[in-house]
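These notes concern the structure reproduced below.
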Amino acid sequence: MLDAPTVAKLERFQARWDRLGPGLASAHAGGADAEPAAAERLRHAIAGAFLVGLDDGKRALFEFLPLAWLRFYRRTVRGSRV
């Protein structure tokens, strides 16, 4: 079960989604019509961009690493599991 602050945050974002995209979100059953403040939206946007950047960076790193490094890594990992 979620705690009260988390439920309140989800209801605020649900109210915003309902206003911005009618028909795209499920019917809003809660009574909270307050939307998240600009600072809260900015904080979540920055956190989301940071996490996406980390994921993209990790993917790019493994895409462009030299094949010899990947072979060495695989040998090292297999050796540590045995």
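Between ALA37 and LEU2, what length in nm is gained on full extension when 0.36 nm per residue of separation is reduced by their alpha carbon distance?
Gain on extension, ALA37 to LEU2, equals 10.5 nm.
Between LYS58 and ALA45, what is 0.36 nm times their sequence separation minus the Cα-Cα distance? Round to one decimal in nm.
Difference between extended and current length: 2.7 nm.
Give a residue-ordered list of calculated ³J(HN,Hα) values for the range 33-44 (Karplus: 6.51 cos²θ - 1.76 cosθ + 1.60, θ = phi - 60°; whole Hz; x for Gly, Pro).
Values, residue by residue: 9, 5, 9, x, 5, 4, 5, 5, 5, 5, 4, 6 Hz.
Stretched out fully, how many nm does the piece from ARG74 to LYS9 gain, at 0.36 nm a residue minus the Cα gap?
The ARG74-LYS9 span can extend by a further 19.1 nm.
All of the numbers you see were taken from the coordinates with simple rules; none came from a lab. The structure presented is a predicted model; accordingly, all values stated were derived computationally and were not measured.
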